[in-house]
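Before any comments, here is the structure.
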Amino acid sequence: MPKQYTHDEILSLCARLEKTYTPAVADTLDDLGFMHQTLESGFAPIIPDAIVAGPAYTIEEAVTKKSTKLAEYDPGFVAQALNAVFGSMQKGQIIAITANGFRGAGAFGELMATTSRYVGGVKAAVVDGPIRDIRRILEIEFPVWARGNIPTDSIGRIDLIGVGNPIFCGGVRINPGDIIFADRDGVVVIPLPDVDIEEVVSRAEEVVSAERRSRMEIRGGSSLLDVYKKYGKL
């Protein structure tokens, strides 16, 4: 059984992950037999150079059954819903949201980004659905990876289905606490506790070092065949 880590230990390992890149982690997971941990293509970062890693905080949404204006909601229900979303966030987490295929409204926007960052200490979001308020999200430098963008409000169109449960996001099952790693290439999910995150991080660091050596030798004039014979990989 993989070693159990404290939240602070996980964040420290995530900081090491952020010095690698998603292809190295995807290759490492492939070698360990976990070959379906990369979210489908189409998750574009609104901050191109952002690199983030952290434990998943899962949120599930879906198209509403009955449209209701914000003024018609019971204040107690609204308070309960907000507490459900933001009340158990932890520093360094990454929000993972699925809208269950609905693309008709923003599944994430400015208010959620602002509250997540400044109240919950969350560092980024990955949204399987469109987002809105991008300019204002950029003002607080909150990294988001999303399926697209749309100006339409979620009120009356999207319901909150659940928080802190397993979800499918970009074709990958994400459990609360799984490690999400995202950069310009895309998003990879490290499935805890099925794998030892320290082992994944160490292997990914080795991949990065090996690829750096190969790259430098090829740039120095070595042939691909010579590099492959020397290191056993490119």
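The values are calculated or read from the model by the stated rules, or taken from the named source; none is laboratory data. For clarity, every value in this text was computed on a predicted model and none was experimentally measured. All Cβ positions, glycine included, derive from the backbone under ideal geometry; neighbour counts span all protein chains shown.
Which ones in the range 120-148 are among the charged types (D, E, K, R) and not in a loop (DSSP other than H, G, I, E, B)? Please lay out each step first, then the result.
First, pick out the residues of the range 120-148 that are among the charged types (D, E, K, R): 123, 128, 132-133, 135-136, 139, 141, 147.
D128, R135, R136, E139, R147, listed by residue number.
I want to confirm something. Restricting to the range 74-88 and keeping residues that are loosely packed, with under 13 Cβ neighbours inside 10 Å and outside any helix (DSSP H, G or I), which single residue is modelled with the lowest pLDDT?
Selected residue: D74.
When you scan the range 155-170, do you find a residue that is assigned to a loop (DSSP other than H, G, I, E, B), within 12 Å of the chain's Cα centre (by Cα) and either basic (K, R) or within 23 Å of D30 (Cβ to Cβ) (or both), even just one?
Step one: of the range 155-170, the residues assigned to a loop (DSSP other than H, G, I, E, B) are 155-157, 164-166, 170.
Add one more test, that the residue is within 12 Å of the chain's Cα centre (by Cα), and what stays is 170.
Still in the list and also either basic (K, R) or within 23 Å of D30 (Cβ to Cβ) (or both): 170.
Yes; the residues of the range 155-170 include at least one that is assigned to a loop (DSSP other than H, G, I, E, B), within 12 Å of the chain's Cα centre (by Cα) and either basic (K, R) or within 23 Å of D30 (Cβ to Cβ) (or both).
Specify which of the listed residues (I134, I94, I158) is more than 30 Å from D196 (Cα to Cα), β-branched (V, I, T), modelled with pLDDT of 95 or more and out of contact with any helix residue (DSSP H, G or I) (no Cβ under 8 Å at 6 or more places or on another chain). Outline the logic, then answer.
Values: I94 fails: more than 30 Å from D196 (Cα to Cα); I158 fails: modelled with pLDDT of 95 or more.
Exactly one residue qualifies, and that residue is I134.
Exactly one condition in (1) part of a strand (DSSP E or B); (2) of a type outside the set (A, V, I, L, M); (3) touching a residue at least 24 places away in the same chain (Cβ under 8 Å) is not met by R173; state its number.
Answer for R173: the failing condition is (3).
Could you list all residues from the range 1-17 that are charged (D, E, K, R), touching a residue at least 60 places away in the same chain (Cβ under 8 Å) and loosely packed, with under 15 Cβ neighbours inside 10 Å? Reasoning before the result, please.
So in the range 1-17, the residues charged (D, E, K, R) come out as 3, 8-9, 16.
Next, only the ones that are touching a residue at least 60 places away in the same chain (Cβ under 8 Å) stay: 3, 16.
Scanning the range 1-17 gives a single hit, K3.
Against the conditions (1) modelled with pLDDT of 95 or more; (2) surrounded by 13 or more Cβ atoms within 10 Å (Cβ to Cβ), where does T64 fall short? Just the number, please.
(1)
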